[in-house]
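The values are calculated or read from the model by the stated rules, or taken from the named source; none is laboratory data. Given the structure is predicted, the values throughout are model-derived calculations rather than measurements. All Cβ positions, even for glycine, are placed from backbone atoms using ideal geometry, and neighbour counts span all protein chains on display. We work out accessible area using only protein heavy atoms, side chains counted, and drop any ligands, DNA or RNA first. Shrake-Rupley method; radii C 1.70, N 1.55, O 1.52, S 1.80 Å.
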Amino acid sequence: YLNYYYYGFVLVGTLVKWLGITPAVAYNLILPTMFALIGLGAFSIAWNLYHGSRPVDGSRPVKPFLVGLAGALGMAVLGNLGTVKMIYEGFQRLVAPGGVIEGAALWTRLGWAFQGFLRNLAGTPLPYGIGDWYWNPSRAIPAPGEVEPITEFPFFTVLYADPHAHLYSLALTLLSLGFGLSVLLSGARWKTRAGAVLGFFLGGLAIGALRPTNTWDFYPYLALAGIALA
């Protein structure tokens with residue numbers, strides 16, 4: 001019994017059981033599989049959003065493939081710009097008195113950043129340990145005196161090799177979003193009655209699976225699908 005959102009573990013665990021893979025090996029296959037599913041889901045949504053929009057003159061300045069690729073990169077590879085923030089603040093700390101930059105005026109910090117950039121080019125390393133480059137972007141929102149909000153993003157989670165409920169649910173949320181988008185772009189018109197029944201079944205299955213996978217994802221995606229149908 002797992003006192004947690006458990007169904008994502010069931011989905012991948014079932015595949016591992018069926019294939020008879022040693023868990024230690026399966027762990028290292030689950031992570032890239034989820035990473036790929038997230039990328040594919042984002043690609044599909046971006047591609048269909050762009051392809052489904054019909055310009056009046058019929059022109060398409062960008063190929064749908066590139067739009068889909070941008071969606072996949074934005075969802076699965078790019079982060080929250082926490083590393084950019086680290087570099088900017090690191091330049092400032094190289095020249096700020098005592099390395100303290102909090103409370104300084106904007107123009108002062110910009111000047112420190114420029115001076116620190118030049119000092120860094122000359123060979124002075126930024127004032128961070130190896131672990132800071134990895135961990136700090138996952139806690140990008142400062143909360144002095146409190147527990148910092150978790151700002152993990154898909155690539156961080158995969159890099160950290162941490163297959164938790166929120167990672168598993170991402171593939172399902174994208175699938176649920178894809179269902180709502182397909183209903184919207186098609187005008188809720190299916191070719192056959194069997195196709196309509198199957199579409200509703202698969203959409204309901206994807207959205208319903210969110211409830212035991214990552215419970216609080218269930219409600220917004222159910223609402224989004226309902227709005228699309230309405």
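A few notes on this one:
Table: residues versus (1) surrounded by fewer than 19 Cβ atoms within 10 Å (Cβ to Cβ); (2) part of a loop (DSSP other than H, G, I, E, B); (3) at pLDDT 95 or above.
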site: Asn48; (1), (2), (3): no, no, no
site: Arg60; (1), (2), (3): yes, yes, no
site: Gly79; (1), (2), (3): yes, yes, no
site: Phe91; (1), (2), (3): no, no, yes
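- Boolean, Trp107 is in contact with a helix residue (DSSP H, G or I) (Cβ under 7 Å, 6 or more places away or on another chain), over 30 Å from Leu174 (Cβ atoms) and either crowded, with 17+ Cβ neighbours inside 10 Å or not β-branched (Val, Ile, Thr) (or both): no
- Answer from Tyr128, Tyr50, Tyr88 - the residue that is among the aromatic types (Phe, Trp, Tyr) and closer than 23 Å to Ala161 by Cα: Tyr128
- When residues of region 127-138 are limited to those that are open to solvent by less than 90 Å² (accessible area, probe 1.4 Å) and free of Cβ contacts under 8 Å to residues at least 40 places away in the same chain, the one nearest to Ile87 (Cα to Cα): Pro127
- The one condition from (1) outside any loop (DSSP other than H, G, I, E, B); (2) without any contact (Cβ under 8 Å) to a residue 24 or more places away in the chain; (3) among the basic types (Lys, Arg) that Lys85 does not meet is (2).
- The residues in region 177-203 that are open to solvent by less than 40 Å² (accessible area, probe 1.4 Å) and within 25 Å of Val12 (Cα to Cα) can be counted, and the count is 5.
- Residue check, Gly116 at positive phi and either open to solvent by less than 50 Å² (accessible area, probe 1.4 Å) or at pLDDT 95 or above (or both): no
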